[in-house]
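Enquirer: One structure coming up, written as structure tokens, with questions to follow.
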Amino acid sequence: MLEIKNLHVKLEEEDKQILKGVDLTVETGKVHAIMGPNGSGKSTLSYVLAGREGYEVTEGSAVMDGVDLLDLETEERAAEGLFLAFQYPVEIPGVSNMTFLRTAVNAQRKARGEDEMSATDFLKEVRAKAKSLKIDAEMLKRPVNMGFSGGEKKRNEILQMAMLAPKMCVLDETDSGLDVDAMKLVADGVNALRSEGRSFLVITHYQRLLDHIKPDVVHIMADGRIVKMGGPDLALEVEHNGYADILAEMA
Amino acid sequence: MARQANRKEAMAADRRAQAEARLGATPMPAASGWSAAPRQEALSRVVEMGLPHRRDEYWKFTDPTTLSQPEPVEAATFDPQESLIFGAVDRLHLTFVDGVFDAEASDSLEGEGIEIARLSEAESADIHWAQGLYGTLEARGQSPVARPLAALNTALAADGILIRATQKVRKPVHITYLHQQTASDAMLHHVVKVEPGAELTLLENGPAAARFNKVLEVDVADTGAFHHIRAQGRDHQRRAVSHIFARLGEESTFKSFTLTVNGVLTRNEAVIEFTGDNATAHIAGACLGDGTFHHDDTVFITHDAVNCESRQVFKKVLRNGAKGVFQGKILVKEGAQKTDGYQISQSLLLDDDSQFLAKPELEIYADDVACSHGSTTGAIDEDALFYLLSRGIPRKEAQSLLVLAFVAEAIEEIENKDLAGELTERLAAWLQRHSG
Ligand SMILES: Nc1ncnc2c1ncn2[C@@H]1O[C@H](COP(=O)(O)OP(=O)(O)O)[C@@H](O)[C@H]1O
Ligand SMILES: [Mg+2]
């Protein structure tokens, strides 16, 4: 599904190398996790996959289902089925959540040559999905993420993911700032989307999210590289011993 | 000192010469009835004040030369291939073409709860209800800041509509101003009187003329309500100066919204005076400009009564070197306690070439008031844009969404949500034509 090879990324504005040769392959239908200390480059990787400005790829590639992501505009990547759940979801005053969702769903359908969703079908689907994430009607009417609590913002990310039904989901610290109940809601939302044709790359700082979303593979990222790869046990190891042991082992 | 005095004198002489030249260029309507006196008085005001000059403080950001000059200006007509805005509204529709009333394209001048007439037809009478308003509100609005182009209009306006609402009028009065001749020079003067407890909605739209000078005097009596929605658009080279003079009685309501797109020069002045307690005035505007676009909102609100609320909300979206100006003043006179004055003017600059100049002013002589003002200039929020793009929304559409979100606060000032929706659609269509 997603094949990242020797990816080198620097900041456009400064001479600062952030990703120093990331290699990572996520197979179709699998859930991979990336863990790593703060500042290791996890968010940068997610942004570069999504096509955010300000980063320069100096070497390497990122291919999704045979499509070179780095060749595409951000919106084209989304239409190809890439979704990024933001670590810090953006507030957009003046644009209602509902308008935002409908515009996004229809734009992607259009890009894929499909018909727009009828207003009634759309409403029905949003309501059902919002309900399972405990997002009420009032939150749908409000401007995007405005006045949402941290947990509400993260649930709103999952709602967007559910509506857009992407094939490659990248979740950047979706667990941060969530209490146990909210984390459970989010995890349930993600698990409900797990399917044979859909892959996940779950970025997290802590192991606890992975108790709820069981990963197939765990990668450890440090200083812009994947330094270790293993099964779900690797996450537990990090939980017990911290990153220091693993990093020392590498050195 | 002597040199300065000489210069001042020379400037004054210059102005008078200019005013006389301008007055000479347009014939004064041969009014023999009730309007003769106010027209004559306005004429004297023009000669005394002279016409606006680009060195005037009040015209610091907008060059009035082409609005003041005797020579007409040219403006090609432009058809954006859109149907007439407000066309679906059940209304009393009147049409002016290049400032000339088009009876064929107008409904008959009658309606439930209103007295309505053309100025040019009503002014032969000796007495009329508009007497005492025509030119009167304009004259009151000449102090403390002179507005000579409005006095010029009172003196020379060829026509206009006089509307008196005596009850809650269901059908809005809708005036469409079409522009056909390349060098048309039009001057219209409307008077609206809303009687106690009555209500009226006035809709206006269209490019009007190559050069358009319009005055709207509105007297809202106690507990009356006046709603005004205006769309100025189409022709890129058109020039317009408009003045609204409003006087508000006790517990009255005044709401005015203007959407402006295109036009090489537009100056919209609003002069609003609270004379009765507990009244409300909201004035809002949104404009979208691309290239050789210059738009100036100049507002002067005088609180001379207790517990009145005034609200100014102006949003400007500018690209390709377009220029936006906002001059807004709230004057709270002594004794105008419990005044609630709010003013916000904001611009969204879509590139580095565009420019927004703002001069917000508060002048307060009462101690128990709540007044606030703010002015901002900004660009499209790149984080918000990336967020929208990352959800698959194409760049143009994402930008449009953000621009519409930016102007939404001004549009929300319109109480009639259907009309607000229609204006938003026009904005979206304009953005579609002016993107990339
Ligand atoms: N736009 C940016 N400007 C400056 N520094 C950045 C930028 N993006 C990332 N960095 C730096 O790159 C490193 C990796 O950051 P990030 O990808 O956010 O790490 P993580 O998500 O793993 O905590 C950090 O040192 C961070 O300060
Ligand atoms: Mg991060």
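Enquirer: Restricting attention to the stretch A:104-115, and to residues there that are surrounded by 15 or more Cβ atoms within 10 Å (Cβ to Cβ) and touching a residue at least 24 places away in the same chain (Cβ under 8 Å), which single residue is farthest from the other protein chains (Cβ to nearest Cβ)?
Expert: Among those that are surrounded by 15 or more Cβ atoms within 10 Å (Cβ to Cβ) and touching a residue at least 24 places away in the same chain (Cβ under 8 Å), it is A:V105.
Enquirer: Quick check on my filter: what residues within the stretch B:379-396 are more than 8 Å from every other protein chain (Cβ to nearest Cβ), at pLDDT 95 or above and assigned to a helix (DSSP H, G or I)?
Expert: Listed by number, the list holds a single entry, B:L385.
Enquirer: Can I ask one more? Of all strands (runs of 3 or more DSSP E) completely enclosed by the stretch A:146-251, which ones contain at least 2 residues that are charged (D, E, K, R) and at negative phi?
Expert: Working: elements: A:168-172, A:199-204, A:217-222, A:225-230.
The qualifying strands (runs of 3 or more DSSP E) are A:225-230.
Enquirer: Please verify whether the stretch B:34-49 includes one or more residues that are modelled with pLDDT of 95 or more and in a loop (DSSP other than H, G, I, E, B).
Expert: Yes: the stretch B:34-49 contains one or more residues that are modelled with pLDDT of 95 or more and in a loop (DSSP other than H, G, I, E, B).
Enquirer: A further question on this structure: Looking at A:K141 and the list (1) farther than 25 Å from A:L185 by Cβ; (2) loosely packed, with under 15 Cβ neighbours inside 10 Å; (3) within 14 Å of chain B (Cβ to nearest Cβ), which single condition is not satisfied?
Expert: In the conditions (1) farther than 25 Å from A:L185 by Cβ; (2) loosely packed, with under 15 Cβ neighbours inside 10 Å; (3) within 14 Å of chain B (Cβ to nearest Cβ), A:K141 misses (1) alone.
Enquirer: Related question: Answer yes if at least one residue in the stretch B:164-183 is in contact with a Phe, Trp or Tyr (Cβ under 6 Å, 6 or more places away or on another chain), modelled with pLDDT of 95 or more and among the hydroxyl-bearing types (S, T, Y), and no otherwise. I'd like the intermediate steps shown before the answer.
Expert: Taking the stretch B:164-183 and keeping what is in contact with a Phe, Trp or Tyr (Cβ under 6 Å, 6 or more places away or on another chain), we get B:164, B:174, B:177.
Checking the rest, the ones that are also modelled with pLDDT of 95 or more come to B:164, B:174, B:177.
Restricting the remaining residues to those that are among the hydroxyl-bearing types (S, T, Y) gives B:177.
Yes, the stretch B:164-183 has at least one match.
Enquirer: A further question on this structure: Can you name the number of the only condition in (1) within 12 Å of chain B (Cβ to nearest Cβ); (2) within 19 Å of A:L159 (Cα to Cα); (3) of a type in the set (S, T, N, Q) that A:T74 fails?
Expert: If we test A:T74 against (1) within 12 Å of chain B (Cβ to nearest Cβ); (2) within 19 Å of A:L159 (Cα to Cα); (3) of a type in the set (S, T, N, Q), just (2) comes out false.
Enquirer: Is it the case that the stretch A:129-142 has a residue that's outside any strand (DSSP E or B) and either under 24 Å from A:H32 (Cβ atoms) or touching a His at 6+ places or on another chain (Cβ under 7 Å) (or both)?
Expert: Scanning the stretch A:129-142 turns up at least one residue that is outside any strand (DSSP E or B) and either under 24 Å from A:H32 (Cβ atoms) or touching a His at 6+ places or on another chain (Cβ under 7 Å) (or both).
Enquirer: Look at A:M98 and say whether it is outside any helix (DSSP H, G or I) and away from every other protein chain (no Cβ under 12 Å).
Expert: It is false that A:M98 is outside any helix (DSSP H, G or I) and away from every other protein chain (no Cβ under 12 Å).
Enquirer: Would you call B:L350 more than 14 Å from chain A (Cβ to nearest Cβ) and over 26 Å from B:V271 (Cβ atoms)?
Expert: Working: more than 14 Å from chain A (Cβ to nearest Cβ): yes; over 26 Å from B:V271 (Cβ atoms): yes.
Spelling it out, B:L350 is indeed more than 14 Å from chain A (Cβ to nearest Cβ) and over 26 Å from B:V271 (Cβ atoms).
Enquirer: Further, regarding this structure: Pairs, please: C-beta under 9 Å, at least 6 apart or cross-chain, first residue without any contact (Cβ under 8 Å) to a residue 12 or more places away in the chain and in the stretch B:362-388, second among the hydroxyl-bearing types (S, T, Y) and in a loop (DSSP other than H, G, I, E, B)?
Expert: Pairs that qualify, where the first residue is without any contact (Cβ under 8 Å) to a residue 12 or more places away in the chain and the partner is among the hydroxyl-bearing types (S, T, Y) and in a loop (DSSP other than H, G, I, E, B), are B:D383/A:Y88.
Enquirer: State whether the residues of the stretch B:392-408 include one that is surrounded by fewer than 17 Cβ atoms within 10 Å (Cβ to Cβ) and touching a Ser or Thr at 6+ places or on another chain (Cβ under 8 Å).
Expert: Of the stretch B:392-408, the ones surrounded by fewer than 17 Cβ atoms within 10 Å (Cβ to Cβ) are B:395-396.
Next, only the ones that are touching a Ser or Thr at 6+ places or on another chain (Cβ under 8 Å) stay: B:396.
Yes; the residues of the stretch B:392-408 include at least one that is surrounded by fewer than 17 Cβ atoms within 10 Å (Cβ to Cβ) and touching a Ser or Thr at 6+ places or on another chain (Cβ under 8 Å).
Enquirer: With the checklist (1) under 30 Å from A:K124 (Cα atoms); (2) modelled with pLDDT of 90 or more; (3) more than 14 Å from chain B (Cβ to nearest Cβ); (4) within 16 Å of ligand 1 (Cβ to nearest atom) in hand, flag the one item A:M221 doesn't pass.
Expert: In the conditions (1) under 30 Å from A:K124 (Cα atoms); (2) modelled with pLDDT of 90 or more; (3) more than 14 Å from chain B (Cβ to nearest Cβ); (4) within 16 Å of ligand 1 (Cβ to nearest atom), A:M221 misses (1) alone.
Enquirer: Scan (1) away from ligand 2 (no atom under 16 Å from the Cβ); (2) at pLDDT below 90; (3) in contact with a strand residue (DSSP E or B) (Cβ under 7 Å, 6 or more places away or on another chain) for the single condition A:D175 breaks and write down its number.
Expert: (1)
Enquirer: Please find, within the stretch A:25-45, the residue that is farthest from the other protein chains (Cβ to nearest Cβ) out of those that are in a strand (DSSP E or B) and within 16 Å of ligand 2 (Cβ to nearest atom).
Expert: So the residue we want is A:M35.
Enquirer: Within the stretch B:397-422, work out how many residues are more than 9 Å from chain A (Cβ to nearest Cβ) and touching an Asp or Glu at 6+ places or on another chain (Cβ under 9 Å).
Expert: Matching residues across the stretch B:397-422 total 1.
Here is a yes/no grid of residues against (1) away from ligand 1 (no atom under 16 Å from the Cβ); (2) free of Cβ contacts under 8 Å to residues at least 12 places away in the same chain; (3) within 14 Å of chain B (Cβ to nearest Cβ); (4) farther than 25 Å from A:N38 by Cβ:
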position	(1), (2), (3), (4)
A:V170	no, no, yes, no
A:D188	yes, no, no, yes
A:R194	yes, no, no, yes
A:L201	no, no, no, no
A:Y206	no, no, no, no
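Enquirer: Another question about this same structure. If you check A:A50, A:A85, A:A79, A:A62, which single one turns out to be hydrophobic (A, V, I, L, M, F, W, C), more than 16 Å from ligand 2 (Cβ to nearest atom) and within 12 Å of another protein chain (Cβ to nearest Cβ)?
Expert: That would be A:A79, the only listed residue that is hydrophobic (A, V, I, L, M, F, W, C), more than 16 Å from ligand 2 (Cβ to nearest atom) and within 12 Å of another protein chain (Cβ to nearest Cβ).
Enquirer: Just a yes or no: is a residue in the stretch A:116-133 facing chain B (nearest Cβ under 8 Å) and farther than 26 Å from A:T204 by Cβ?
Expert: no
Enquirer: Which one of these is touching a residue at least 12 places away in the same chain (Cβ under 8 Å), farther than 20 Å from A:P215 by Cα and not in a strand (DSSP E or B): A:E59, A:E13?
Expert: On inspection, the qualifying residue turns out to be A:E13.
Enquirer: Which of the numbered conditions does A:E12 fail, given that it passes all the others? Conditions: (1) within 16 Å of ligand 2 (Cβ to nearest atom); (2) at pLDDT below 95; (3) within 14 Å of chain B (Cβ to nearest Cβ); (4) farther than 22 Å from A:A187 by Cα.
Expert: (1)
Enquirer: With the structure loaded, tell me whether B:A270 is over 18 Å from B:E195 (Cβ atoms) and surrounded by 22 or more Cβ atoms within 10 Å (Cβ to Cβ) or whether it fails that test. Give the steps one after another, and end with the answer.
Expert: Working: over 18 Å from B:E195 (Cβ atoms): yes; surrounded by 22 or more Cβ atoms within 10 Å (Cβ to Cβ): yes.
Judged against the criteria, B:A270 is a match.
Enquirer: With the requirement that a residue be among the small types (G, A, S), within 7 Å of ligand 1 (Cβ to nearest atom) and under 14 Å from A:I4 (Cβ atoms), what does the stretch A:17-56 give you?
Expert: The one that is among the small types (G, A, S), within 7 Å of ligand 1 (Cβ to nearest atom) and under 14 Å from A:I4 (Cβ atoms): A:G41.
The values are calculated or read from the model by the stated rules, or taken from the named source; none is laboratory data. Please read these numbers as outputs of a predicted model, since none were measured by experiment. Positions of Cβ are backbone-derived with ideal geometry, glycine not excepted, and every protein chain shown enters the neighbour counts.
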